[in-house]
Amino acid sequence: MTDHILTEFDNDLKGLHELLASMSAHVEEQMRETEQLLKDPHLELVDSVLAKATNVNRMEIRIDRTCARILARHHPLASDLRTIITAQKVIADIERIGDECERIAKSVNDRLEEGFDAGQMPDNLVGLAGLVSQSVRGSIDSYLRVDTDGARQVISGDQAIDECYAEILGQISERLKKSEAGVEAVAMEWLWVVRSLERIGDHSCNVAEYAIYLDEGKDVRHKGKLNPGD
């Protein structure tokens, strides 16, 4: 490539990184608001989470088109090609995190409309949301900074999310066995919330795995939990 073309390519990559950082910050804030929504449910937060979902979808489309344009214009190879491919995969997982936040907000909105009762929430649901929110922040940060140590910590930390998720599922299962009037519908609503949080944790791990792939060229998906020193 000539110096002119290289400069143009570098500028395109810089622009792509800025778009990724903007979308990531948007979803991080959406996740933070979702966590807060489970601590202190109110309609203003519901509306904010839902509004961000629309913006995230638009950002995903814009970034996807930017990646396609860079591929068509520059035909990158090796690590440069890996950067573009990884970006396309990461935005898909980040967008799905936004989708799950949207689902949680809609479920909380349903509970608010029917008269929110904090006593009906599963124990430690807020704790699970906190673990997931931390995972989202860590995975996005590790990807944007290409921090493989941080990425491996996120992947290892997923075990705590899985354990908390299993504990809450057990609580919900016990409530469903009681078959009391009105209990089943409410328990199922919270079940969808818990499952959404668990899915967010999975998408967060995917982002962390892509951070490792971006830096090392290693595909660590489906290889179980990683220790920071692996």
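Stretched out straight at 0.36 nm per residue, the stretch from LYS89 to ARG58 would grow longer than its current Cα-Cα span by 9.6 nm.
Annotation for MET188 and ASP47: the two label points, set 7 Å from Cα along the Cα-Cβ direction, are 3.1 nm apart.
Karplus-based coupling profile of segment 210-217, in residue order and whole Hz: 5, 5, 5, 4, 4, 7, 10, x, with θ = phi - 60° in 6.51 cos²θ - 1.76 cosθ + 1.60 and x standing for Gly or Pro.
The lysines whose alpha-carbon is closer than 23 Å to the alpha-carbon of LYS218, local same-chain residues fewer than 8 away aside, are LYS89. Of the peptides 162-173, 204-215, the order by per-residue mean of other Cβ atoms within 10 Å, starting with the highest, comes out as 204-215, 162-173.
Taking trypsin sites (Lys or Arg not before Pro) as exposed when DSSP calls them loop (any state but H, G, I, E, B) and at most 13 other Cβ atoms lie within 10 Å, what is the longest stretch of the chain free of them, the sites themselves excluded?
1-217
Kindly provide the GluC sites (Glu not before Pro) of segment 98-141 that DSSP labels as loop, not H, G, I, E or B, and whose Cβ sees at most 16 other Cβ atoms within 10 Å.
Numbers: sites: GLU100, GLU102, GLU113, GLU114; in loops: GLU114.
In loop regions of segment 98-141 (DSSP not H, G, I, E or B), the sparsely surrounded GluC sites (Glu not before Pro) are GLU114.
Read-outs: derived from the displayed coordinates by stated rules, not from any lab. Model, not experiment: these values are computed from the prediction. Note that we place each Cβ from the backbone using ideal geometry, even for glycine, and neighbour counts take in every protein chain shown.
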